[in-house]
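Since every read-out is calculated from the coordinates, none of them should be taken as a lab result. Predicted model only: the values in this text are computed from it and were never measured. Please note: Cβ atoms are built from the backbone with ideal geometry, for glycine as well, and neighbour counts cover all protein chains shown.
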Amino acid sequence: MATNYPGALDALANPSATDSLDTPGVEHDVQHANANDAIEALQKNAVLALVYASGAYPTRPAGVNVCHFFGPVQPTGWQAGDLWTDNS
């Protein structure tokens, strides 16, 4: 199953203590694949907070889609979806 996130929440099945590794609906390898897909989707859609007191903002890490900047000066180099909070 590919993840539905962020368009919708995934319905993940939890195995019980009596399930074996190949119990239909909660196969062990499928559980890992589903969890990995969900984690990757979260990483792609997470907002990174960059906080600074003076000087230049820290560099945006590769692969980060959205940043929330916290600092006394409005940042340059904005991307769609970025936010800024004046913390002076």
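Data table
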| quantity | calculated |
| --- | --- |
| Cross-chain or 6+ apart pairs with Cβ under 9 Å, region 56-83 first and closer than 18 Å to Ala41 by Cα, then small (Gly, Ala, Ser) and in a strand (DSSP E or B) | Cys67/Ala49 |
| Scan of region 48-65 for residues that are farther than 11 Å from Trp84 by Cα and surrounded by 14 or more Cβ atoms within 10 Å (Cβ to Cβ), ordered by number | Leu48, Tyr52, Tyr57, Arg60, Val64, Asn65 |
| Number of positions in region 66-88 that are of a type in the set (A, V, I, L, M, F, W, C) and either surrounded by 15 or more Cβ atoms within 10 Å (Cβ to Cβ) or outside any loop (DSSP other than H, G, I, E, B) (or both) | 6 |
| The one condition in (1) part of a loop (DSSP other than H, G, I, E, B); (2) touching a residue at least 24 places away in the same chain (Cβ under 8 Å) that Ala8 fails to fulfil | (2) |
| Criterion (hydrophobic (A, V, I, L, M, F, W, C) and touching a helix residue (DSSP H, G or I) at 6+ places or on another chain (Cβ under 9 Å)) met by exactly one of Val26, Val66, Val51, Val47 | Val66 |
| One residue from Val51, Val30, Val26 being without any contact (Cβ under 8 Å) to a residue 40 or more places away in the chain, closer than 20 Å to Cys67 by Cα and not polar (S, T, N, Q) | Val51 |
